[in-house]
1. Testing THR476 on (1) under 17 Å from the mean Cα position of the chain (by Cα); (2) at pLDDT below 95, one condition comes back false. Which one is that?
2. Go through (1) of a type in the set (Ser, Thr, Tyr); (2) touching a residue at least 60 places away in the same chain (Cβ under 8 Å); (3) closer than 18 Å to LEU493 by Cα one by one and return the number of the condition TYR683 breaks.
3. Taking region 655-680 as the search range and keeping residues that are open to solvent by 10 Å² or more (accessible area, probe 1.4 Å), part of a helix (DSSP H, G or I) and touching a residue at least 40 places away in the same chain (Cβ under 8 Å), which one is nearest to HIS28 (Cα to Cα)?
4. Taking the condition open to solvent by 10 Å² or more (accessible area, probe 1.4 Å) and either touching a residue at least 12 places away in the same chain (Cβ under 8 Å) or among the charged types (D, E, K, R) (or both), does PRO453 pass?
5. Working carefully through the options SER666, SER699, find the one that is of a type in the set (S, T, N, Q) and at pLDDT 95 or above.
6. Name the helices (runs of 4 or more DSSP H) wholly inside region 135-200 in which the number of residues that are closer than 30 Å to ARG252 by Cα and of a type in the set (Lys, Arg) is 1 or more.
7. Just to be sure, is ASP601 part of a strand (DSSP E or B) and either within 18 Å of ALA638 (Cα to Cα) or in contact (Cβ under 8 Å) with a residue 40 or more places away in the chain (or both)?
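The values are calculated or read from the model by the stated rules, or taken from the named source; none is laboratory data. Quick caveat: nothing in here was measured; it's all calculated off a predicted structure. Here the Cβ positions follow ideal geometry from the backbone for every residue, glycine too, while neighbour counts run over all protein chains shown. Protein only, heavy atoms only, side chains kept; ligands, DNA and RNA dropped before computing areas. Shrake-Rupley method; radii C 1.70, N 1.55, O 1.52, S 1.80 Å.
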Amino acid sequence: MFNTITQFMMVAIFALRIVNPASAQPNHDFLHNKYDALHDSPMQQKFRQIAPMPFGVVFLPWAGCTEEDMRHHFRMMKELGFTNLKQTMGTPEWPEHETLRIALEEGIIPFWYGEGGWENITSELLKKLGLSENMSILEAREHPKMLEYQKEVLYKHLEAWKKNPVEYDDKVYFHEPDAFLRPEDEAPFKAWVKQKYSYVKELSDAWNQYEVGIKGEPYKTWDDFENDNLVKTIPGSDEIVPSAGREYGQVRDILRYKADMNIEYLKATKVSTHPEQPVRAGGEMGLFLPFASRGTDMEGIAELMKDRGSFYPSIHLAWHFEEVNYEVARAIYMQSSIATDWFKGGWASTWESTGGPQQFSGGKGWDRKGQEGTPGFTVNSGTMTQLLLSYLAGGFKGVGLWAWNYRRAGWESGEYALLNRQNEPSERAIRAGQIAKAADKYRDEIWSAHKEPIVGVFVNWDNEAIWSGVAGPGRTHFKNYPVQARIGISRALINANIPWEHVTPSDLEAGLGPRYQVIYMPAQAAINKELFPLFEEYIKQGGRLVIDAPGGWWTEHGKVLDTGIGSAFERIFGATIADFQYSNNVVWKIGEHVLDGFVMDIQPTSAKVIEHFQNGKPSVTENKLGKGTAVILGADAAFSMKSPGNDFMENWTLKHTLNGKESPYSCPNSIVYRLAAHDADHYFFINDDEPKVTSLTFSGFRYHSFTDAVTGETIDPSAIELEGYSGRWIRCKK
């Protein structure tokens, strides 16, 4: 670290301000109990009791690897702080089962779930082991009798490992990730449609068949539907819909059908052998992909894991950051946050993440830049710190790292490893182990901790499905538009250190709306009709709902949304949308800032005009409704911030979004995330810059002490030293 007077003078040092917490967020419990109940189940209750914190790695045997080599490496893992294997791979010399057995003998749990595979610690189990039924869970977890018993449970898992493969009919479940139907899809899709729609008129309306240019003869009977050939063409490599276009409601239903069938496939295949044994689902798909366009519903997959185990994404720098132009620091948290937020109250983590540097392998290459560029990254101790702290801050409990050591030939050879080229611990391996030890030390606090968001970023699968319908040949980029807008508003909130999380329609239906002082709707071009009553209730209770361009273009069936006087939209926002325009040939400005994107021609009814474009038209309106407000931002604010550097729009957007609301903590020159627990709050600093000194000030919290959670060092919050391109974890004891 560093401590010169010059370096301290380079940053603003704020005095620590401590006031009554109620002054910052009066009587706000953030509905934590309701949050935890969203995915509550006996399996999730077991996890919360045991509080597993697996920091696992992938061990890859090499040609000539001996048993003693393996045992040496497993002992090295344990010494550094790693708890388990995320995975291994078989070789001609070493079957997978043997490698896993040796790991377990050395005290390394051979499965991704670590202690999450233990039997629940009940009074019956304590009695069975001759232990006091009044023993605390912490004492029970560490008691030799409990450890020995649970090790036998894991041996039982190993004995049955891969011996009972689940059988299923893959023709029923496998579907290409687009909105085309193949011949084998047509019959099951039509059966799905008839289950979804009670009447054929309901279907013909949902597919907009009475509108011009859609269908000459709308369905009048189910026979009409059954006799319609829905298999039209074979797609090109990047097509979502045919070259002639397609009615958007049908696109949405085909994508929804494929998403539902994928969930049915997972129901059939993600089945554990033993009742205490968790399974995981999510996948090897980057979280910046447009999932709706791929016929995938990640929130639905997470819901399935409620009773079964853990929801996870794979997060690799070379594979899953192309959509953000290989930006790393902020993008890590965006991914860990949305995975956690799709599974509120459940066990989410990345069970496959980056272990070391990578340059040659990975990358999806979905655009020309990605195909012709090199997805190369430095992965040192600082990068590893940013990864692991952003995972914990986003809500993950544990991690799986690919890999402990590198492959020696072929694909990924010499890449991805925690160890260096000599198979010795690198600085990143040592740092990852230190963070693993700290996470294990504070595992109970982390499992009980919550985000306490000011802003909820609204995410809606149906909206993304309609955007996918718009994404015809030559315009397939539109499928990415709502995801990029989500990235944009997330970036602005991260840069300003405003606490936030994603919120979905199912969250609002469950009553979670009042958790958020503000809900921001980025690029919500399609709005479900059943959402308007939820939005109205949220606003009347005191919430602030913010929508930006081109929000409110369609319904969830791809029909132009009524925003006229008397419509649900107008009643909430106090304005109608006369037109959607685009700042290009005719320039639209906010002050002197030139816009380049969608703009709204807003016509206020009951709303107050807060600000104007340079042409005199309203750029921001605010409508009071009950105790709250509804705001229209007339520019495509969120999308415009998808890339770094648009400081004007970040400041402008947050000014009108927050309307004076402030974060209860402040850090002047670093990103910081907060998790709130009963005994302590945990602050995770991410420094995407050279070494610096920063400070952490508060307007609503009282703390007794400040320590570095990894080193144990006592911290002065007015002068916190940060490594360059790294991070730091500070525990603030209440």
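1. (1)
2. (2)
3. LEU658
4. Against the criterion (open to solvent by 10 Å² or more (accessible area, probe 1.4 Å) and either touching a residue at least 12 places away in the same chain (Cβ under 8 Å) or among the charged types (D, E, K, R) (or both)), PRO453 does not qualify.
5. Testing whether each residue is of a type in the set (S, T, N, Q) and at pLDDT 95 or above leaves just SER666.
6. Counting at least 1 such residues, we get 170-173, 183-196.
7. Here the answer is yes, as ASP601 does meet what is asked.
Every residue, every condition in (1) open to solvent by 10 Å² or more (accessible area, probe 1.4 Å); (2) of a type in the set (Gly, Ala, Ser), yes or no:
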residue	(1), (2)
GLY469	no, yes
PRO499	yes, no
ASP507	no, no
LEU531	no, no
GLU537	yes, no
GLY564	yes, yes
